[in-house]
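The values are calculated or read from the model by the stated rules, or taken from the named source; none is laboratory data. These numbers were taken from a predicted model, which means no experiment stands behind them. Using ideal geometry, Cβ is built from the backbone for each residue, glycine included, and neighbour counts are taken over all protein chains shown. What goes into the accessible areas is simple: the full protein's heavy atoms, side chains included, and nothing from ligands, DNA or RNA. Shrake-Rupley method; radii C 1.70, N 1.55, O 1.52, S 1.80 Å.
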Amino acid sequence: MSDELTRHVVTFGRVLREAGLEIGPGRVADALRGLDRVDLTRQDDVYWTLRTTLVARREDLEPFDRAFDAWFLRRAIRSPARTRDDPRDAPRSAQRVRRDAAGLRGPAPADADPDTIGHSAHEILRRKDFSAMSAEEFAAARALISALVTDRPRRRSHRLERHRRGRTLDMRALARASIGTGGDPLHRRFRRRSETPRKLVVLCDVSGSMEAYTRALLLFLHATVRSGRGVEVFAFGTRLTRLTPQLSSRDPELALARAAERVVDWAAGTRIGASLKEFNDIWGRRALTRGAVVLIVSDGWERQDPGLVGREMRRLHRAAYAVVWVNPLKGSALYEPLSGGMREALPSIDRFVAGHNVASLEALGGLLAGIRRRHEA
């Protein structure tokens, strides 16, 4: 079996899990072993092998059939009147499966609704794990990430602005308006405190264990830096490196190239605790963290002392407005925060979220924009 088809089946398992089926690594492994023993050019053999190994409940049959049609046959989901055994579908279906076995994707069926097919492919790409993407798929996902609109968390400023629901009387505007009414304050104006973007500080793990996700996450951070002033980005592996100037470039690819050139420990080891301590000792003393939303992007694999991670996270949490931790591994339904570094960090995290696909990054952008108070983080 080709590596391409293996990735195809693994990602199909994730699609089924999104649809509510109980799919674990064991069932996916059984499906791959079963496909090794059948003719991949025969649609029925592929269908029944996957259905036998991946479906355990009667109520899962319909979502499985719909996912199989959309994922392997590229078929628009229409009326159930046409069954899987319809002979009119057999030649085309066998051809689709044969193309998938070769690691290729054929065109959509001639009778399919192009809008439905396009929407389905777009949704599958949004929910596909970055680590399972081919080069072509990542290129398409890169365009989606770069186009994300990232709203910043906001805070109440001490400055006042005119607002019809304000509670503070605008004496200057009142005096100006009174000139035309003989000094009588007939037209009252009010002000209230304005909102301004809150500082956002990002610490991104670029160690070897994060390599499958680093490029996608840095593209998201590039869009975040481009959203305006008050964003600081640091990378860490075995040491801390400030990347804000490198990610400020308009061109995302140029920004990534400059970041990779700047970081000397890219895809190396991980020293989360030491990197957090360096940040707290140097940048924390400059009040960079005070009142900021701190976003940490890491899988939590600490190679040295996990206790140091806990101590430095507590220091960070005391100074920050809110701490958000993004872990790509959390995208798996089977993930549990069992690593020492992750366990030590959890008590100091206000929100623990996934960051493994485009959809999760869209959700992260909404989360950051919606933070108003610490307990809402």
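Under 9 Å between Cβ atoms, at least 6 apart or on separate chains: pull out the pairs that start in the range 207-220 with a residue that is within 14 Å of residue 327 (Cβ to Cβ) and at pLDDT below 90 and end on any residue that is open to solvent by 20 Å² or more (accessible area, probe 1.4 Å) and of a type in the set (Phe, Trp, Tyr).
Every condition considered, the pairs that remain are 209/301.
Would you mention how many residues in the range 267-312 are crowded, with 19+ Cβ neighbours inside 10 Å, acidic (Asp, Glu) and farther than 21 Å from residue 328 by Cβ?
Of the residues in that region, 1 qualify.
Would you mind stating whether residue 354 is of a type outside the set (Lys, Arg), surrounded by 17 or more Cβ atoms within 10 Å (Cβ to Cβ) and more than 30 Å from residue 10 (Cα to Cα)?
Working: of a type outside the set (Lys, Arg): yes; surrounded by 17 or more Cβ atoms within 10 Å (Cβ to Cβ): yes; more than 30 Å from residue 10 (Cα to Cα): no.
Criteria not met by residue 354.
If residue 151 meets every condition in (1) more than 14 Å from residue 328 (Cβ to Cβ); (2) modelled with pLDDT of 75 or more; (3) open to solvent by 40 Å² or more (accessible area, probe 1.4 Å); (4) under 17 Å from the mean Cα position of the chain (by Cα) apart from one, which number is that one?
Tallying (1) more than 14 Å from residue 328 (Cβ to Cβ); (2) modelled with pLDDT of 75 or more; (3) open to solvent by 40 Å² or more (accessible area, probe 1.4 Å); (4) under 17 Å from the mean Cα position of the chain (by Cα), residue 151 fails exactly one: (2).
Conditions tested, residue by residue: (1) at pLDDT 80 or above; (2) open to solvent by less than 60 Å² (accessible area, probe 1.4 Å).
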site	(1), (2)
2	no, yes
6	no, yes
12	yes, yes
17	no, no
35	yes, yes
43	yes, yes
49	yes, yes
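Of 255, 223, 235, 260, which residue is out of contact with any Leu (no Cβ under 7 Å at 6 or more places or on another chain) and among the hydrophobic types (A, V, I, L, M, F, W, C)? Quick ask: steps written out before the conclusion?
Values: 255 fails: out of contact with any Leu (no Cβ under 7 Å at 6 or more places or on another chain); 223 fails: out of contact with any Leu (no Cβ under 7 Å at 6 or more places or on another chain); 235 fails: out of contact with any Leu (no Cβ under 7 Å at 6 or more places or on another chain).
None of the others qualify; the one that does is 260.
Residues being free of Cβ contacts under 8 Å to residues at least 60 places away in the same chain and either at positive phi or in contact with a Lys or Arg (Cβ under 9 Å, 6 or more places away or on another chain) (or both): count how many of those fall in the range 284-304. Talk me through it step by step, then tell me what you get.
Taking the range 284-304 first, the residues free of Cβ contacts under 8 Å to residues at least 60 places away in the same chain are 284-287, 290, 300, 302-304.
Pick out the ones that are also either at positive phi or in contact with a Lys or Arg (Cβ under 9 Å, 6 or more places away or on another chain) (or both) and you get 284, 287, 290, 300, 302-304.
Residues meeting the conditions: 7.
Tell me, which strands (runs of 3 or more DSSP E) lie completely within the range 291-377 with 2 or more residues that are touching an Asp or Glu at 6+ places or on another chain (Cβ under 6 Å)? Lay out the reasoning, then the answer.
Values: elements: 293-297, 322-326, 351-353.
So the answer is 322-326.
What are the pairs with Cβ atoms under 9 angstrom where one residue, in the range 323-343, is on the phi < 0 side of the Ramachandran plot and surrounded by fewer than 24 Cβ atoms within 10 Å (Cβ to Cβ) and the other, located anywhere, is part of a loop (DSSP other than H, G, I, E, B) and of a type in the set (S, T, N, Q)? Sequence gap at least six, or different chains.
Partner pairs satisfying both residue conditions: 331/357; 335/327; 337/327.
Which one of these does residue 23 not meet: (1) part of a helix (DSSP H, G or I); (2) buried (at least 19 other Cβ atoms within 10 Å of the Cβ); (3) modelled with pLDDT of 65 or more?
Exception for residue 23: condition (1).
Residue check: is residue 32 within 24 Å of residue 335 (Cα to Cα) and part of a loop (DSSP other than H, G, I, E, B)?
Working: within 24 Å of residue 335 (Cα to Cα): yes; part of a loop (DSSP other than H, G, I, E, B): no.
Against the criterion (within 24 Å of residue 335 (Cα to Cα) and part of a loop (DSSP other than H, G, I, E, B)), residue 32 does not qualify.
Starting from residues that are open to solvent by less than 20 Å² (accessible area, probe 1.4 Å) and closer than 13 Å to residue 267 by Cβ, keep the ones in the range 232-242 and report whichever is modelled with the lowest pLDDT. Don't jump to the end; show me each part of the working.
Of the range 232-242, the ones open to solvent by less than 20 Å² (accessible area, probe 1.4 Å) are 233-237, 241.
If we keep only those that are closer than 13 Å to residue 267 by Cβ too, we end up with 235-237.
Numbers: 235: 97, 236: 96, 237: 93.
Among them, the one singled out is 237.
Give just the number: which of (1) more than 21 Å from the chain's Cα centre (by Cα); (2) over 18 Å from residue 365 (Cα atoms); (3) charged (D, E, K, R); (4) modelled with pLDDT under 90 does residue 229 not satisfy?
Of everything listed in (1) more than 21 Å from the chain's Cα centre (by Cα); (2) over 18 Å from residue 365 (Cα atoms); (3) charged (D, E, K, R); (4) modelled with pLDDT under 90, residue 229 misses just condition (2).
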